[in-house]
Amino acid sequence: MDFRSNRLSIAEAKEMDMVNYLSALGHEPSKIRNNDFWYLSPLRDEKTPSFKVNRKLNRWYDHGLGKGGNLIDFAIRYHGCTVGELLQSLSGNLSLQKPVFHQPLKVEEAENRITILRDCTLSSYALLHYLSQRRISVEVADRYCREVHYELGGKTYYGIGFKNDLGGYEIRNAYFKASSSPKGMTTFDNDADEVVVFEGFTDFLSFKSIHRNEPEERFDFAVLNSVSFFEKARPFMERHEAIRLYLDRDTAGQNYSRYALSLSEKYRDESSLYRHYKDFNDWAVNFGKPVKKQLKPKL
């Protein structure tokens, strides 16, 4: 794919919303005060947020580094690239130009975080029934998930918990979809030549359920848990000889699939398998049924 004829200009890149750009990279604000969005610095390790974006001015300042500027100033420092390389990347990555998958964190959400109380083997009838509805093998789910009990807003709940590489959980039940901090991707390294990539863990569990009789070491796996972690997942993905993408069939997922194909011939978009459905799990649930006229969301 050649973006040279339709590359963003420097002025256009500077006008891109900095908060949405950071969200696309997997960075969400720790707190919001009026127009100021405060982050743990994406440019260095820290425990107290000191990286500020003024959304009205669309400018950033890292108090720990004593440096700031516009989106281009940040991006070339963050990626370690030239301005030309950045503009080419932004031109190809449609999801960054048109952020469709994240909204800025609200203050209420920051104050209403999930606290994990305990985790145990999956045993709740409601959760096992939910897995059955999603056509996911309980044996497979047992291998990769835990029953997580958590507190939210002073009340206690439970759900199917899928742990990420940072120790946080993606949590699902029939009525609720959430994440505990820290949020990140989940990888399984079996020293394979190919890696299979999913956006959500129910897609991964569906794939493993369908292929449960195949050798474990056939593939490595990456579950992004959000397409915003695509860039962070690239070093793991691109060390493989082949990268098989099973991303969602929504706008964000397809934008990232197209972007990936422009990066390397290693990437393969496998989503045509479920082209009439939202994602791999939606296809698996409805396999053998008449093709739906419209995509429907899943929890």
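Quick one: angle between helix 83-92 and the longest Cα principal axis of the chain, in degrees between 0 and 90, rounded to 10, please.
Helix 83-92 sits at roughly 40 degrees to that axis.
Taking the Cβ of Tyr158 as the centre, find all other residues whose Cβ is under 10 Å away and add up their charges (Lys, Arg: +1; Asp, Glu: -1).
Taking every other residue near Tyr158 into account, the sum is -1.
Kindly flag which residue pairs out of Lys208/Lys232; Lys232/Lys278; Lys183/Lys232 have an alpha-carbon separation exceeding 18 Å in this structure.
Long pairs (Cα-Cα over 18 Å): Lys208/Lys232; Lys232/Lys278.
If you take the beta carbon distance between Asn54 and Glu238 as r and set R0 to 35 Å, what does 1/(1 + (r/R0)^6) give as a FRET efficiency, to the nearest 0.05?
That pair, Asn54 with Glu238, gives E of 0.50.
State the antiparallel share, in %, of DSSP beta bridges confined to the chain, rounding to the nearest 5.
Counting DSSP beta bridges with both partners in the chain, the antiparallel share is about 75 percent.
Given the pairs Lys47/Lys163; Lys52/Lys177; Lys14/Lys56; Lys31/Lys56, which span a C-alpha to C-alpha distance of over 24 angstrom in this model?
Lys52/Lys177
Could you calculate the contour length gain from Val83 to Cys120, that is, 0.36 nm times the residue separation minus the distance between their Cα atoms, to one decimal place in nm?
8.4 nm
Given contacts defined as C-alpha pairs under 8 Å and at least six residues apart, what's the relative contact order of the chain, whole-number percent?
14
Nearest 5 is fine: what % of DSSP beta bridges in region 186-285 come out antiparallel, could you say?
20
In which sequence would Trp283, Trp60 go, from the one with the fewest C-beta neighbours within 10 Å to the one with the most?
With the fewest neighbours first, Trp283, Trp60 line up as Trp283, Trp60.
Which distance in nm do the two modelled labels at Arg275 and Ser9 give, with both placed 7 Å along the Cα-to-Cβ direction?
3.8
Just rank Val285, Val138, fewest to most, by other beta-carbon atoms within 10 angstrom.
With the sparsest Cβ surroundings first, the list reads Val138, Val285.
Order 163-173, 264-274 from most to least packed using the mean count of other Cβ atoms within 10 Å.
Ranking the peptides 163-173, 264-274 by packing returns 163-173, 264-274.
Grab the alpha carbons of the chain, take their convex hull, and tell me the volume per residue in Å³.
Spread over its residues, the Cα hull of the chain gives 149 Å³ apiece.
Once you have the Cα-Cα distance between Arg268 and Glu139, take 0.36 nm times their residue separation minus that, and quote the gain in nm to one decimal.
Between Arg268 and Glu139, full extension yields 43.5 nm more.
Testing the spin-label approximation: label points 7 Å from Cα along Cα→Cβ at Asp193 and Asp250. State their distance in nm.
A separation of 3.6 nm, rounded to one decimal place.
Of Phe176, Phe236, Phe280, Phe229, how do they rank once you tally other Cβ atoms within 10 Å and put the fewest first?
In increasing order of surrounding Cβ atoms, one gets Phe176, Phe236, Phe229, Phe280.
Once a ≥ b ≥ c are taken as the square roots of the eigenvalues of the Cα gyration tensor of region 156-285, is the result rounded (a/c under 1.5), prolate (a/b larger than b/c) or oblate (a/b not larger than b/c)?
Judged from the Cα gyration tensor, region 156-285 comes out rounded (a/c under 1.5).
Taking 30 Å as R0, compute the FRET efficiency from the Cβ-Cβ separation of Lys67 and Leu261 and round it to 0.05.
0.30
No lab work stands behind these numbers, since they all come straight from the coordinates. Keep in mind it's a predicted model, so treat the numbers as computed, not measured. A quick note on method: Cβ atoms are made from the backbone with ideal geometry, for glycine too, and the neighbour counts reach across all protein chains shown.
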